[in-house]
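See below for the structure under consideration.
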Amino acid sequence: MKIIMLGAPGAGKGTQAKRIANKYNIPHISTGDIFRANIKEKTELGNKAKEYMDKGELVPDDITIGMLLDRIHKDDCKNGFVLDGFPRTIPQAKSLTNALSELGEKIDYAINVDVPDESIISRMSGRRACLNCGNTYHIMYSAPKTENVCDNCGNELVIRDDDKPETVKKRLEVYHDQTQPLIDYYDNEKILASVDGTKDMEEVFLDIIAVLE
Ligand code: AP5
Ligand code: ZN
């Protein structure tokens, strides 16, 4: 199964994508996580991406598209994948459609996790992230067992650099401007399903499973 997660920054795409990946035993591919891993390792790609991410802007398509297409051509993607944070622009969506159609394949579902902007700001301020394994927590809704320590790998949890309120505001603007048009794009392709992302995490997951099965 090939799945795309759509939704504003902080809508819960990553939270749900991890659960979907576990349930269906397919890789969870987050362009944001790939960029953050590169920033941590101080690679050339990471240094470039950081310039844009810290400002809440999108990393340019020419960098992002090549990186993502390389990833989905790996062997572990043969039985499908769940994409989290890609595509984010119409050119990214078109490149993905074209790359898959060259293989005689297509995306099965685009799941839009719908959350209004007002709820996003409070979610982001409570988010804590593990930059080692990619796990995400929320100080109120999904706190780690020990304060500021990742349940999964024991690493220290941090506030992401781009979760400052001014940057979140910019990310929301960029989302409405460049990414929201993808909702119509995938609606036209007849593979769009929207779920109410304001419900609690388990309920959102059950709503997504109901779409996929
Ligand atoms: P990326 O890492 O993709 O960030 P994002 O899309 O802004 O999404 P987030 O990771 O912030 O949120 P999410 O929707 O995954 O929510 P989460 O599950 O964590 O991208 C970062 C940057 O990288 C971009 O700004 C851009 O610069 C660059 N980039 C990445 N991809 C790119 C691309 N394709 N093209 C160009 N540039 C790109 O949840 C948020 C919080 O809420 C957590 O604390 C969570 O625990 C909590 N939560 C989740 N669900 C619920 C719920 N139902 N109820 C209560 N709390 C919840
Ligand atoms: Zn961890």
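Every number here is computed from the coordinates shown, using simple stated rules; none is lab data. Not measured: the values here are computed from a predicted model. Every residue, glycine as well, gets a Cβ built from its backbone with ideal geometry; the counts of neighbours run over all protein chains shown.
Observations on the model:
- Over the chain: helical MRE at 222 nm, DSSP H runs n ≥ 4 each giving -39500 (n - 2.57), nearest 500: -13500 deg cm²/dmol
- Alpha carbon convex hull of region 58-129, volume per residue in cubic angstrom: 130
- Label-zone membership for region 82-122, site Glu166, 7 angstrom Cα→C-beta point, backbone N under 20 Å: 121-122
- Legend: distances between Cα atoms for Lys94/Lys190; Lys50/Lys74; Lys23/Lys74; Lys106/Lys190; Lys2/Lys190; Lys55/Lys94; pairs beyond 23 Å are Lys50/Lys74; Lys55/Lys94.
- Taking Cα centre as origin and charging only the Cβ of basic (Lys, Arg, +1) and acidic (Asp, Glu, -1) residues, the dipole magnitude of region 77-213 rounds to 400 debye.
- Cross-link partners of Lys48 among aspartates and glutamates (Cα-Cα below 13 Å; sequence separation of 8 or more within a chain): Glu57, Asp61, Asp62
- Highest GNM mean-square fluctuation among Gln16, Gln92, Gln178, for the chain modelled with Cα contacts below 10 Å: Gln178.
- Charge dipole of the chain about the Cα centre (unit charges at C-beta), most positive-ward option of Ile20, Asn98, Leu192: Ile20
- Size of electric dipole in region 51-90: Cβ of Lys, Arg +1 and of Asp, Glu -1, about Cα centre, debye, nearest 20: 180
- Farthest positive-ward along region 1-120 dipole, Cα basis, beta-carbon charges - from Tyr109, Phe81, Gly32: Phe81
- Calculated on the Cα set of the chain, radius of gyration then Dmax: 16.3, 48 Å.
- Antiparallel %, DSSP beta bridges [both residues in the chain], to 5: 25
- Over region 149-190, the fraction of Cα-Cα pairs per 5 Å bin, rounded to whole percents and listed from the shortest bin up, is 6, 18, 14, 12, 12, 12, 14, 10, 3.
- Where only alpha carbons of region 1-121 are counted, the Rg and the Dmax (Å): 14.3, 41
- Calculated FRET efficiency for the pair Glu44/Asp117, C-beta based, R₀ 30 Å, to 0.05: 0.30
- Remark: region 1-152 carries a charge dipole of roughly 360 debye about the Cα centre, counting +1 on each Lys and Arg Cβ and -1 on each Asp and Glu Cβ.
- When you restrict to C-alpha pairs under 8 Å that are six or more residues apart and normalise by the size of region 97-213, the relative contact order lands at 32 percent.
- Our estimate of slack between Lys190 and Lys145, defined as 0.36 nm per intervening residue step minus the Cα-Cα distance, is 12.1 nm.
- The chain, relative contact order [Cα under 8 Å, separation at least 6], %: 30
- Region 114-176-region 26-68 distance, computed between alpha-carbon centres (Å): 17
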